[in-house]
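Asker: One structure follows; several queries about it will come next.
Nothing in this text is a laboratory measurement; each read-out follows from the coordinates by a stated rule. Remember, it's a predicted structure, so these values are computed and weren't measured experimentally. Positions of Cβ are backbone-derived with ideal geometry, glycine not excepted, and every protein chain shown enters the neighbour counts.
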Amino acid sequence: MTPVAFLDANALYPATTRSVLMYLAVGGVYRARWSAAVQDEWIAALLRFRPDLDPARLARTRDLMDARIIDAVVSGYEHMIATLTLPDPDDRHVLAAAIHGGANVIVTANLKDFPAETLATYNMVAQEPDAFIRDLLLAAPDAAVAAFAADRERLRNPAMSQAEYIDGLRRAGPIGTAAILQAFADKL
């Protein structure tokens, strides 16, 4: 069964991780979900730390994501937010959208904000981006490696060798994924 994953803003903030997640979704390795609120959140966070970036380019990235990944944008969940309880009330919109979007995984760097016992009620788990991507790679290596290869291929300025690409992943955060991907370097 193809996983359905709701991507929290912190999974979309690092460009490298966002790109890998998008290529894996385009490749059919999993079905991605997010909300307009999550899109707004990662863009606002990025602009706080990188005010030199052009907001119009980030809006274009958001629009491309929304257009490219079929049925990714979850809406109509807002009525559920007030009914949910999480350690950080500001994360209730994520859980509400994940439930409404039929996700079985929330991909987030803030695992503590999504307690396992709460998520189990909705037949859902939370995973950090590295663990989620690594699990996809292990479950569907051919399709996942093809998605990583497509992600590497898009990098033209500068182009990256297989080793440089894997090292870039390692530096960006998905360390466990990069370690496993090393075994598939010749297919990148």
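Asker: Projecting each Cα onto the charge dipole of the chain (Lys/Arg +1, Asp/Glu -1 at the beta carbon, about the Cα centre), which of ILE43, ALA163, LEU84 comes out farthest on the positive side?
Answerer: ALA163
Asker: Considering amide H positions built from the backbone, and no H for Pro or chain starts, which residues 5 or more places from ALA126, or on another chain, come under 5 Å of its amide H?
Answerer: Residues meeting the criterion, in which the H sits 1.01 Å from N, are ILE106.
Asker: Can you list residues from other chains, or at least 5 along the same chain, whose modelled amide H is less than 5 Å from the amide H of VAL73?
Answerer: When sequence neighbours closer than 5 places are left aside, the close amide H contacts are TRP34.
Asker: On to the next question. Would you please give the residues with an amide H less than 5 Å from that of VAL4, counting only those at least 5 places away or on a separate chain, with H modeled from the backbone geometry?
Answerer: ARG31, ASN104, VAL105
Asker: Continuing with this model, one more query. What spacing in nm lies between the two simple spin-label points modelled at ALA185 and ARG57, each 7 Å away from Cα in the Cβ direction?
Answerer: 3.0
Asker: Another question, if that's okay. Would you calculate a helix-derived [θ] at 222 nm for the chain, using -39,500 (n - 2.57) for each DSSP H run of n ≥ 4 and dividing by the full residue count, to the nearest 500?
Answerer: Result for the chain, helices only: -16000 deg cm²/dmol.
Asker: Post the alpha-carbon centroid distance, the range 127-168 to the range 1-49, in whole angstrom.
Answerer: Here the answer is 15 Å between Cα centres.
Asker: With bins 5 Å wide starting at 0, give me the P(r) of the chain over every alpha carbon pair, in whole percents.
Answerer: Reading upward from the zero bin: 1, 8, 17, 21, 20, 17, 10, 5, 2, 0.
Asker: Additional query: I'd like to know which of LEU181, LEU119, LEU21 lies farthest towards the positive end of the charge dipole of the chain, counting +1 on Cβ of Lys and Arg and -1 on Cβ of Asp and Glu.
Answerer: So the residue we want is LEU181.
Asker: Using the Karplus curve 6.51 cos²θ - 1.76 cosθ + 1.60 with θ = phi - 60°, work out ³J(HN,Hα) for each residue of the range 168-174 in order, rounded to whole Hz, and write x for Gly and Pro.
Answerer: For the range 168-174, the Karplus-derived couplings read x, 4, 4, 5, 7, x, x Hz, x marking Gly and Pro.
Asker: Only four residue types carry charge here, +1 at the Cβ of Lys and Arg and -1 at the Cβ of Asp and Glu. Report the dipole size of the chain about the Cα centre in Debye, rounded to the nearest 20.
Answerer: With Lys and Arg at +1 and Asp and Glu at -1, about 440 debye.
Asker: Could you give each residue of the range 126-141 its phi-based ³J(HN,Hα) in whole Hz, using Karplus coefficients 6.51, -1.76, 1.60 with θ = phi - 60°, and x for Gly or Pro?
Answerer: Along the range 126-141, the couplings run 10, 9, 5, x, 4, 5, 5, 5, 4, 5, 4, 4, 6, 7, 9, x Hz.
Asker: Another question, if that's okay. Given an 8 Å cut-off on Cα distances and at least 6 residues of separation, report the relative contact order of the chain as a percent.
Answerer: 26
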